[in-house]
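Only one structure is covered here, and it is reproduced in the block below.
No value in this document is a laboratory result; all are computed from the given coordinates. Keep in mind that what you see is a predicted model, and the values were worked out from it rather than measured. Cβ placement follows ideal geometry from the backbone for every residue including glycine, while neighbour counts extend to all protein chains displayed.
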Amino acid sequence: MEVGNLNDYIHGFSSAPESRRAAACRDMRYRLFCIPASVLRPLCVFVWTAPARVVSGSLMRIIITSDLHYNVARSREPTEKIAKEICAGGGDCLLFVGDTASTDLTVMDRVFGLFEPFRGVKMAVAGNHELWTVGGADSLARYENDVSAACRRNGVHYLDESPLVLEDTAFVGNVGWYDFSFRPSGMKIPLRFYQHKVGPGAAAYFDKHRHLLSHEADLPPGALDVTSRWMDGERVRLPESDVEFTRRMADKLRRHLSEVHDRVSRVIAAVHHLPFAELVPPTIVPNWAFAGGFLGSELLGETLLDFPKVTHAFCGHSHRARTCRKGSLVCKSIGSTYREKQYEVLDL
Ligand SMILES: [Fe+2]
Ligand SMILES: [Fe+2]
């Protein structure tokens, strides 16, 4: 693997079998949508494999997509393709779960423009790529001001700023982050390499990271085979540590959940980073395994589980579709890669 290319590499997981399965599920749900609502509700619970429960209120169709990466050349055509498909299918809500664009936020205007014909309510959370800066600019200011402004001028509700309530359903979410709680303990790579977002093999390559190897005695055998780095380390400039920023996002998630929880019958959550370790793609490849440390945080999941009305949570970031269940909560990573975009349809 080329040093410095891990973000691209992990996003290149093969997803063809998952794509076919997802497409089959979508087709099935579309067929079910033609059935009267009184028949549809119990069937929908079965098809989406949500926990059995009584759903009250009118039928709501929610479309969820993620990781469109429209700034990347090979992502453009597949993004345009699913935009047409989603707009033609319609729905009540459309939710973007981050990594829509990158350093150039005008790309968000172009992406949201593709979905302009969609007549329902549009919502978005930021991804780590929207926090990427050039020239050492402040990623937190960008997150709070610039991404917010891009959403506002395109008529998209920015969930990172405030939750949204539609009838008896609330939508809550934000970028999330990582605190290295998902790092593979079996690898025994010392924490300092995660904090600097560089594998031991890559640290040997870059002058500015070579000091991390000064205590080589604590390196396990094979550590130098981890030759990748996580590119947030070069592109994201936060005024606090990753652990502190993760705490900031989890606290905000809790605050927003508390604001809406008693006002609605259900909550749909969207967090760009993974909230549960079960969603981390399993791998035996050292560079990929090292990347697991940057995929999310157990703190995000613990926060969601403190609110029993959160029935569904969606995330992106891993570029690999996986699902896990935690009691009455179903959590799914969307699984868009750079070359193949995915979306979910949730009928409530
Ligand atoms: Fe992504
Ligand atoms: Fe991401």
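Quick one: would you say V280 is within 14 Å of the chain's Cα centre (by Cα), within 28 Å of L238 (Cα to Cα), surrounded by 24 or more Cβ atoms within 10 Å (Cβ to Cβ) and in contact (Cβ under 8 Å) with a residue 60 or more places away in the chain? Working first, answer last.
Details: within 14 Å of the chain's Cα centre (by Cα): yes; within 28 Å of L238 (Cα to Cα): yes; surrounded by 24 or more Cβ atoms within 10 Å (Cβ to Cβ): no; in contact (Cβ under 8 Å) with a residue 60 or more places away in the chain: yes.
Taking the combined requirement at face value, the residue does not satisfy it.
Going by the conditions given, is G201 away from ligand 2 (no atom under 16 Å from the Cβ) and not in a helix (DSSP H, G or I)? Reasoning before the result, please.
Details: away from ligand 2 (no atom under 16 Å from the Cβ): yes; not in a helix (DSSP H, G or I): no.
So G201 does not fit the description; no.
Please enumerate the residues belonging to the range 260-275 that are away from ligand 2 (no atom under 16 Å from the Cβ) and touching a Leu at 6+ places or on another chain (Cβ under 8 Å).
From the range 260-275, those away from ligand 2 (no atom under 16 Å from the Cβ) are 260-269; that's our starting set.
Residues satisfying the conditions are R266, V267, I268, A269.
Can you find, within the range 249-282, the residue that is farthest from S66 (Cα to Cα) among those that are part of a strand (DSSP E or B) and touching a Lys or Arg at 6+ places or on another chain (Cβ under 8 Å)? Give the derivation first.
As a first pass, look at the range 249-282 and keep what is part of a strand (DSSP E or B): 266-271, 274.
Filter once more, keeping what is touching a Lys or Arg at 6+ places or on another chain (Cβ under 8 Å): 266-267.
Values: R266: 22, V267: 19 Å.
Looking at residues that are part of a strand (DSSP E or B) and touching a Lys or Arg at 6+ places or on another chain (Cβ under 8 Å), I get R266.
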Inset, instruction - Within the range 297-345, track down each residue that is on the phi > 0 side of the Ramachandran plot and within 14 Å of ligand 2 (Cβ to nearest atom). - result: H317, H319, G335
Legend entry - Single match in E259, E244 (criterion: closer than 30 Å to H157 by Cβ and in contact (Cβ under 8 Å) with a residue 40 or more places away in the chain): E259
Legend entry - Output for the range 189-211, where each listed residue is of a type in the set (A, V, I, L, M, F, W, C), within 30 Å of the chain's Cα centre (by Cα) and farther than 15 Å from A291 by Cβ: L191, A203, F206
Inset, instruction - Just give me the residues in the range 60-88 being more than 16 Å from ligand 1 (Cβ to nearest atom) and either free of Cβ contacts under 8 Å to residues at least 40 places away in the same chain or not β-branched (V, I, T) (or both), in sequence order. - result: M60, R61, E77, E80, K81, A83, K84, E85, C87, A88
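Has the range 302-314 got any residue that is within 16 Å of ligand 1 (Cβ to nearest atom) and under 24 Å from V260 (Cα atoms)? Walk me through how you get there before you give the answer.
First, the residues of the range 302-314 that are within 16 Å of ligand 1 (Cβ to nearest atom): 314.
Cutting the leftovers down to under 24 Å from V260 (Cα atoms) gives us 314.
Yes.
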Inset, instruction - Within the range 141-148, identify whether any single residue is away from ligand 1 (no atom under 16 Å from the Cβ) and either under 24 Å from K309 (Cβ atoms) or of a type in the set (D, E) (or both), and answer yes or no. - result: yes
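With respect to D99, determine if the residue is of a type in the set (D, E) and more than 19 Å from Y343 (Cβ to Cβ).
So D99 fails the test.
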Inset, instruction - Could you look through the range 89-118, keep only residues that are surrounded by fewer than 16 Cβ atoms within 10 Å (Cβ to Cβ) and more than 21 Å from L348 (Cβ to Cβ), and pick out the one that is farthest from ligand 1 (Cβ to nearest atom)? - result: P117
Legend entry - Any strands (runs of 3 or more DSSP E) falling wholly within the range 90-196 and containing at least 1 residues that are aromatic (F, W, Y): 93-97, 169-174
